[in-house]
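One structure is given below, encoded as structure tokens.
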Amino acid sequence: MLEIRNLHASVDGNAILKGIDLEVKAGEVHAVMGPNGSGKSTLAQVLAGHPAYEVTAGEVYYQGRDLLAMEPEERAQAGVFLAFQYPVEIPGVSNAYFLRSAYNELRKARGQEEVDPLDFLQVMEDRLKLVDMEDTMLNRSVNAGFSGGEKKRNEILQMAVLQPTLAILDETDSGLDIDALRVVAHGVNQLKRPDNATIVVTHYQRLLNYIVPDRVHVLAGGRIVKSGGKDLALELEAKGYDWVTGAAA
Amino acid sequence: MTQPYLADFETFSSNGGGAGPDWLPPVRRAALARFAALGFPTPRNEDWHFTSVAAIAESEFHPLPVSSGDVKPEDLAPFLFGRGDWPTFVFVNGRYAPELSAADNLPLGVRVMHLARAWRDAPDVLERHLSKIATFDEHSFTALNTAFMSDGTLVHVAKDVQADAPIHILHVVDPIAARVVMHPRHLLVVDRQASARVIESYVSLGNARYFTNAVTEIALGEGAHLAHYKIQRESQRAFHVGTTEVRQPRDSKYASFSFATGAALSRTNIYTTLEGEGAEVWMNGLYMVDGEQHVDHQTRIEHAAPNCASHEVYKGILGGASHGVFNGKVFVRPIAQKTDGKQENNNLLLSDKARIDTKPQLEIFADDVKCTHGATVGKLDALSLFYMKSRGLPAEVARRLLIYAFAADVLERLEVAEVRDALEDLTLARFTRMDEGAETAESAESAGAIRV
Ligand SMILES: Nc1ncnc2c1ncn2[C@@H]1O[C@H](COP(=O)(O)OP(=O)(O)O)[C@@H](O)[C@H]1O
Ligand SMILES: [Mg+2]
């Protein structure tokens with residue numbers, strides 16, 4: 001589904017990603033771990049198409065298509081979804097309007113009919129339950145004035161509405177208490193299907209107790225320095241990042 | 001420069017000069033003399049520092065001597081907010097058009113009439129207020145309007161009457177009105193404890209180059225409440241100067257909204273004086289221009305009594321190589337203790353060539369007051385655009401939504417839902433051109449609002 005080859009990226013002329021290779025197959029969950037500043041969010045943002053990041057070398061294929069040649073909205077319409085580490089506040093645009101617009105753009109891209117506001121409310125009902133959110137939040141502006149936890153849940157709500165093929169969750173666990181963490185993990189697990197895939201970016205092992213990865217990768221200094229099965233996460237937790245980053249040096 | 005107006009005034013006078021009571025001709029003469037003495041304002045005049053009216057002064061515009069125009073009722077439909085049932089007074093090319101107007105469904109105690117009839121039927125009200133609220137000593141455009149005023153509306157709401165249905169004063173200019181000058185003059189009188197809503201629209205059916213020079217005077221009684229919306233959608237080649245002046249006695253409430261999106265050059269003045277304790281004013285506005293347009297607002301809120309409040313929010317969206325000006329004056333006189341004054345002006349620049357001069361001006365001569373003001377100038381936030389696109393919204397949709405979002409909170413302040421909905425639609429549809437969007441995406445990289 002996703003194939004990243006020798007990906008290099010820089011921001012403001014500073015090289016951040018220095019040769020990433022990663023393959024994700026349908027049905028898989030991959031965890032990307034690593035210390036702060038190792039380039040995890042950069043990788044996530046590059047995959048989503050953030051314009052500030054410049055890809056200086058390498059290639060990325062998504063379902064056989066050249067992902068880097070696609071606009072961010074084309075990537076989304078093709079089923080790529082990034083849950084932002086820092087979701088953006090958009091005062092003045094209601095969550096309901098935003099979600100419905102996004103939902104309809106995706107439907108249009110797939111040649112399906114748009115849904116009207118009333119039908120959309122029906123769609124929303126069980127998606128809201130999935131992330132344990134009140135429908136009153138639909139009338140609030142996108143993320144504006146949301147608590148940290150609400151923002152993260154809102155990202156998962158968007159994911160639940162858009163039902164991506166490739167979901168990238170960037171530190172969706174950080175700042176969540178254990179109950180919220182369970183809700184988020186439950187949401188992600190419910191949305192898992194054999195034909196989609198998830199990349200879970202996290203700093204801590206904690207989330208991986210709830211979302212069990214098939215593969216774990218450790219990112220350090222812009223490179224994947226170690227990959228392994230789900231036990232690698234536990235090993236990292238016990239030994240600390242120095243264990244692998246030291247090995248990288 | 002002023003000469004063609006002086007010559008036209010002689011023709012106007014000898015043709016009956018709009019008729020009227022005996023006190024009127026001397027007022028007209030005095031106003032004309034004042035206009036001749038003042039001339040058109042130049043940028044040396046502090047109030048016109050950022051707006052040159054040379055294009056008006058150097059063009060020749062003439063009044064239409066007779067009614068003209070070929071406007072059909074169906075042409076008006078787009079401008080009626082879907083409410084053809086509201087009392088509507090229509091002016092075509094500056095002249096009252098009774099056949100297009102409908103004012104038979106007025107509630108008891110509400111009088112709406114053409115100025116020509118008001119000279120006869122409501123002479124006392126006119127004599128008491130007209131040219132007494134909007135004085136012309138220092139304002140040459142008001143002086144010019146006063147000399148020529150003959151088409152306009154008197155709205156008079158008697159005490160205690162609640163006139164809920166908005167009264168719509170609609171100015172339409174058709175495509176043939178090239179080089180025409182119009183001097184609409186309106187007087188809105190809302191007596192003690194009465195309330196009313198008045199919409200003043202200036203719209204164009206074509207792309208003619210003409211000049212609207214409007215003046216509206218507003219006299220409120222104690223405890224009266226007026227919502228007053230001015231909607232300026234003139235032709236992109238037109239010139240528009242409009243002045244509204246208000247007097248607010250004790251406990252009166254005045255809620256003003258100025259929506260300005262048309263004209264090559266527009267200048268809107270809105271002035272109020274809070275003369276009695278407990279008076280309150282809301283002055284809000286939204287201006288949206290692009291291309292080579294120039295849009296200027298000057299507001300003045302004079303706190304002349306204690307315990308009054310003023311709330312002002314103006315937002316501007318500027319694309320292309322347009323130029324916006326906002327000058328908001330708030331004066332707090334020594335007597336005006338316990339004044340509560342808030343003023344804000346926020347601007348969104350959609351291109352690197354667009355420009356805004358914003359000048360909030362707070363002058364406080366009382367010591368026990370609570371006043372704040374601020375201005376911001378920003379660009380579309382690149383991160384917000386990316387966020388929306390990452391959810392599948394096309395760049396153009398994301399951009400429009402973000403522009404709309406910028407304006408949303410000021411539009412929400414409109415209390416008449418039909419007007420609010422219409423202006424929201426106009427806002428969503430205003431900036432749809434991708435050429436400007438491309439430019440924006442680049443320039444918005446270093447996004448974020450700057451405080452000035
Ligand atoms: N927009 C940016 N401008 C400059 N430096 C950046 C920017 N984004 C990230 N970086 C730098 O890139 C490195 C990797 O950051 P990031 O990808 O956010 O790491 P992580 O998500 O693993 O904590 C850090 O050193 C960070 O300072
Ligand atoms: Mg990060």
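The values are calculated or read from the model by the stated rules, or taken from the named source; none is laboratory data. No experiment lies behind these values; they were computed from the predicted model shown. Here the Cβ is made from the backbone with ideal geometry for all residues, glycine too, and neighbour counts use every protein chain on show. All accessible areas refer to the heavy atoms of the entire protein, side chains included, with ligands and DNA or RNA removed. Shrake-Rupley method; radii C 1.70, N 1.55, O 1.52, S 1.80 Å.
Summary of values
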read-out: Check on A:GLU3, acidic (Asp, Glu), at pLDDT 95 or above, in a helix (DSSP H, G or I) and open to solvent by 40 Å² or more (accessible area, probe 1.4 Å); value: no
read-out: Qualifying residue in segment B:28-44 (condition: over 28 Å from B:HIS294 (Cα atoms) and surrounded by 15 or more Cβ atoms within 10 Å (Cβ to Cβ)); value: yes
read-out: Close pairs from segment B:421-433: first assigned to a helix (DSSP H, G or I), partner open to solvent by less than 50 Å² (accessible area, probe 1.4 Å), Cβ under 6 Å, at least 6 apart; value: B:ALA422/B:PHE81; B:LEU423/B:PHE259; B:LEU423/B:LEU411; B:GLU424/B:LEU411; B:THR427/B:TYR404; B:THR427/B:ALA407; B:LEU428/B:TYR404; B:ARG430/B:MET288
read-out: Criterion: open to solvent by less than 80 Å² (accessible area, probe 1.4 Å), among the polar types (S, T, N, Q) and within 13 Å of chain B (Cβ to nearest Cβ) - qualifying residue of A:ASN189, A:ASN196, A:ASN143; value: A:ASN143
read-out: Residue in segment B:272-289 that is out of contact with any strand residue (DSSP E or B) (no Cβ under 6 Å at 6 or more places or on another chain) and crowded, with 20+ Cβ neighbours inside 10 Å present; value: yes
read-out: Single match in A:ALA48, A:ALA76 (criterion: more than 16 Å from ligand 2 (Cβ to nearest atom), at the interface with another protein chain (Cβ under 8 Å from one of its Cβ atoms) and at pLDDT 95 or above); value: A:ALA76
read-out: Residue among A:ALA57, A:ALA15 that is more than 16 Å from ligand 2 (Cβ to nearest atom), more than 14 Å from chain B (Cβ to nearest Cβ), open to solvent by 50 Å² or more (accessible area, probe 1.4 Å) and among the small types (Gly, Ala, Ser); value: A:ALA15
read-out: Subset tally (residues that are more than 19 Å from the chain's Cα centre (by Cα) and open to solvent by 10 Å² or more (accessible area, probe 1.4 Å)) for segment B:181-204; value: 4
read-out: Residue that is farthest from the other protein chains (Cβ to nearest Cβ) [pool: residues in segment A:18-45 that are within 14 Å of ligand 2 (Cβ to nearest atom) and surrounded by fewer than 20 Cβ atoms within 10 Å (Cβ to Cβ)]; value: A:PRO35
read-out: Qualifying positions in segment A:61-78 - open to solvent by 10 Å² or more (accessible area, probe 1.4 Å), touching a residue at least 12 places away in the same chain (Cβ under 8 Å) and part of a strand (DSSP E or B); value: A:TYR61, A:ARG65
read-out: Checking A:TYR62 against (1) among the aromatic types (Phe, Trp, Tyr); (2) within 11 Å of chain B (Cβ to nearest Cβ); (3) more than 22 Å from A:GLY175 (Cβ to Cβ), the condition it does not meet; value: (2)
read-out: Selection status of A:GLN112, assigned to a loop (DSSP other than H, G, I, E, B) and more than 16 Å from ligand 1 (Cβ to nearest atom); value: yes
read-out: Single residue of B:GLU292, B:GLU277 found to be among the charged types (D, E, K, R), closer than 30 Å to B:ASN207 by Cβ and in a loop (DSSP other than H, G, I, E, B); value: B:GLU292
read-out: Candidate set: segment A:129-150, residues that are out of contact with any Asp or Glu (no Cβ under 8 Å at 6 or more places or on another chain) and assigned to a helix (DSSP H, G or I); chosen: the one farthest from A:LEU176 (Cα to Cα); value: A:ASN139
read-out: Any chance B:GLN232 is open to solvent by 10 Å² or more (accessible area, probe 1.4 Å) and under 29 Å from B:ARG209 (Cα atoms); value: no
read-out: Breaking point among (1) in a strand (DSSP E or B); (2) polar (S, T, N, Q); (3) more than 24 Å from the chain's Cα centre (by Cα), for B:GLN337; value: (1)
read-out: A:GLU105, sole failed condition from (1) under 17 Å from the mean Cα position of the chain (by Cα); (2) within 14 Å of another protein chain (Cβ to nearest Cβ); value: (1)
read-out: Members of segment B:295-325 that are over 14 Å from B:GLU280 (Cβ atoms), part of a strand (DSSP E or B) and small (Gly, Ala, Ser); value: B:GLY316, B:GLY324
read-out: Any hit, segment B:143-152, residues being under 21 Å from the mean Cα position of the chain (by Cα), open to solvent by less than 30 Å² (accessible area, probe 1.4 Å) and of a type in the set (Asp, Glu); value: yes
read-out: B:ARG399 vs. criteria more than 10 Å from chain A (Cβ to nearest Cβ) and closer than 18 Å to A:SER94 by Cβ; value: yes
read-out: Of all residues making up segment B:350-375, the number that are open to solvent by less than 20 Å² (accessible area, probe 1.4 Å) and out of contact with any helix residue (DSSP H, G or I) (no Cβ under 7 Å at 6 or more places or on another chain); value: 4
read-out: Cβ pairs under 7 Å, 6+ apart, first in segment B:353-368 and more than 15 Å from B:GLN298 (Cα to Cα), second among the small types (Gly, Ala, Ser); value: B:LYS353/B:GLY320; B:LYS353/B:ALA321; B:ALA354/B:GLY319; B:ALA354/B:GLY320; B:ALA354/B:ALA321; B:ALA354/B:SER322; B:ALA366/B:ALA336
read-out: Residue satisfying all of: in segment A:164-179; within 14 Å of chain B (Cβ to nearest Cβ) and away from ligand 2 (no atom under 12 Å from the Cβ); surrounded by the fewest Cβ atoms within 10 Å (Cβ to Cβ) among these; value: A:THR165
read-out: Residue list for segment A:79-102, restricted to those being among the small types (Gly, Ala, Ser) and either within 7 Å of chain B (Cβ to nearest Cβ) or open to solvent by less than 10 Å² (accessible area, probe 1.4 Å) (or both); value: A:GLY79, A:ALA83, A:GLY92, A:SER101, A:ALA102
read-out: Top-ranked residue in segment B:93-118 [being part of a helix (DSSP H, G or I) and open to solvent by less than 20 Å² (accessible area, probe 1.4 Å); ranked as farthest from B:LEU170 (Cα to Cα)]; value: B:ALA118
read-out: Pairs where the first residue, in segment A:37-53, is within 9 Å of ligand 1 (Cβ to nearest atom) and the second is polar (S, T, N, Q), C-beta under 6 Å, 6+ apart; value: A:SER41/A:GLN85; A:TYR53/A:GLN45
read-out: Those residues of segment A:162-197 which are on the phi < 0 side of the Ramachandran plot, more than 16 Å from ligand 1 (Cβ to nearest atom), in contact (Cβ under 8 Å) with a residue 24 or more places away in the chain and of a type in the set (S, T, N, Q), in sequence order; value: A:THR165, A:GLN190, A:ASN196
read-out: Any chance B:ALA122 is open to solvent by less than 10 Å² (accessible area, probe 1.4 Å) and in contact with a helix residue (DSSP H, G or I) (Cβ under 6 Å, 6 or more places away or on another chain); value: no
